[in-house]
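Just below is one structure, and these are the notes that go with it.
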Amino acid sequence: MNSAIPLFHFLVVAAALFSLGLAVAVTKRNVIGILIGLELMLNAVNLNLIAFSRHDPVLLRGQLFALFVIVVAAAEVTVALAIVLRVYHHYGSIDPDETKELRG
Amino acid sequence: MSTELIIFYFFAALALGSGVFILLTRNLMYAAFALFLALLGVAALFVLAGADFLAVAQLMVYVGGILVLLIFGIMLTRTADPEATSQTPNRVLVALGRKFWGVVVSLGLFIVLFLVIVQANFALVGDTLNSRSTIRTLGVELMTTHLLPFEIAGILLLVALVGAAYLAMNRNFDPTE
């Protein structure tokens, strides 16, 4: 079966999604908003990997890599949220612009 | 235009529209729910690219795990609105900053990426994925060639979960309060 969707479409959608994620991560003044932008960027990268993996049907290396990216993203979010909770208890805010002091 | 292409455009529009909504909304709760739609659209694009198992994994890990964690984080770190009752909708407002440079940088990045993609001439050799399921290939590959990364990923998850549980523990707990 030859897929009707050209590779170009996937790459453009992934590039747009990555740029949107970057814009979200830069503009939101909230750590959880930044995490949401990061998830969008990771998804865009996964989309690229899977789109290229279509042309590697025997080994599927791109899909395997995307699987590991999902695993690392899950680990990253759990640790990040734990740190966010500690920061919130300490500073009373999770605005990255307001957490300036590193003093314990 | 084939049906597959129309479905592709629909789900791509869903994912990108949700991304734009996340960028524009000030309510973090709505951003989290829009992230759900974006993840759903990306999962559908995975299916269209022939990655059925990864689409299911995406839905289970992201929607079932990461999104729930994010919403928990939003609820645990919000400052309570004194006028809110159980009838008012959840408004977790977040300030937006650096709008100009954020938009400029990401728009510039998109233009650069788009030009690169247009000019790139990918020489794609070999046949494309046929319609059979990818689960068998993925399972065999994970258990043979990629066994070591697989085990390391398992240990990484264990370490991350134990570390997160330890970090999130309330160490300032005062029993006299």
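Computed values, structure above
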| quantity | calculated |
| --- | --- |
| Candidates A:Ile83, A:Ile70, A:Ile34 - the one that is facing chain B (nearest Cβ under 7 Å), within 12 Å of the chain's Cα centre (by Cα) and more than 22 Å from B:Ala13 (Cβ to Cβ) | A:Ile70 |
| Every residue from the stretch A:48-69 that is in a helix (DSSP H, G or I), surrounded by fewer than 21 Cβ atoms within 10 Å (Cβ to Cβ) and β-branched (Val, Ile, Thr) | A:Val69 |
| Condition broken by A:Lys28, with the remaining ones in (1) modelled with pLDDT of 90 or more; (2) crowded, with 22+ Cβ neighbours inside 10 Å; (3) charged (D, E, K, R) satisfied | (1) |
| Cβ-Cβ under 7 Å pairs, at least 6 apart or on other chains, the stretch B:47-72 side more than 7 Å from every other protein chain (Cβ to nearest Cβ), far side part of a helix (DSSP H, G or I) and among the aromatic types (Phe, Trp, Tyr) | B:Ala55/B:Phe46; B:Val63/B:Phe36; B:Leu67/B:Phe36 |
| Verdict on B:Ala43 being crowded, with 19+ Cβ neighbours inside 10 Å and in contact (Cβ under 8 Å) with a residue 60 or more places away in the chain | no |
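Condition check ((1) closer than 30 Å to B:Arg26 by Cβ; (2) in a helix (DSSP H, G or I)) across all residues:
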position	(1), (2)
B:Ser106	yes, yes
B:Val112	yes, yes
B:Ile117	no, yes
B:Asn121	no, no
B:Pro149	no, yes
B:Gly154	no, yes
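The values are calculated or read from the model by the stated rules, or taken from the named source; none is laboratory data. Nothing here was measured: the structure is a model prediction, and the numbers come from that model. Methodologically, a virtual Cβ is constructed for each residue, glycine included, from the backbone with ideal geometry; neighbour enumeration extends over all protein chains shown.
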